[in-house]
C-alpha cells in the first residue's frame, strides 16, 4: 500500500492546488500503458462545513491522467458544525463518496487509520478538508 499526502492529484494528474495562487503540477507515468491506476482519496475533517463542499467538488472536477478515483472517503472526527450533513448531501451526487463519522474528536492520526481501514485500493491519497484543486 502507498499513502501519498495531499499532492497526489497535483503531482500525478497535472492539476494545480489553489492556495491564493496556482502552481502547475507534473505528469505521472503509468507503466507506458493505457491502464488506469485505482486510487482512494481520503479527506480528514473537523468542523469543515464551510470548506468541505468546495474541496470535494474540486476533487470530482479533476481529469486524472492514468488514474481512476475509485473512492473518496471523508472521515469527520467529532464535527458538530454540519460538516456531516454537507457530506451526506454531496454523497447523493457522487456514488463513490463515503462518510465515516467518529462520534468524538479523535484527531487526524485516528481519522487516517479509519480511512486506511476502509480503503479499496493499494494507493491512498490524503488531503486536507480546506484544500481546493484548480481546474486545468
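The table that follows gives values for the structure above.
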item: Given (1) under 19 Å from residue 116 (Cβ atoms); (2) touching a helix residue (DSSP H, G or I) at 6+ places or on another chain (Cβ under 8 Å), number of the condition residue 96 does not satisfy; result: (2)
item: Check on residue 80, modelled with pLDDT of 80 or more, more than 22 Å from residue 116 (Cα to Cα), surrounded by fewer than 21 Cβ atoms within 10 Å (Cβ to Cβ) and over 15 Å from the mean Cα position of the chain (by Cα); result: yes
item: Residues of segment 106-135 satisfying the condition of being in a helix (DSSP H, G or I) and out of contact with any strand residue (DSSP E or B) (no Cβ under 6 Å at 6 or more places or on another chain); result: 109, 110, 112, 113, 116, 117
item: Options 59, 72, 30: the member that is touching a strand residue (DSSP E or B) at 6+ places or on another chain (Cβ under 7 Å), at pLDDT below 95 and crowded, with 21+ Cβ neighbours inside 10 Å; result: 59
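The values are calculated or read from the model by the stated rules, or taken from the named source; none is laboratory data. These numbers come from a predicted model, not from an experiment. Please note: Cβ atoms are built from the backbone with ideal geometry, for glycine as well, and neighbour counts cover all protein chains shown.
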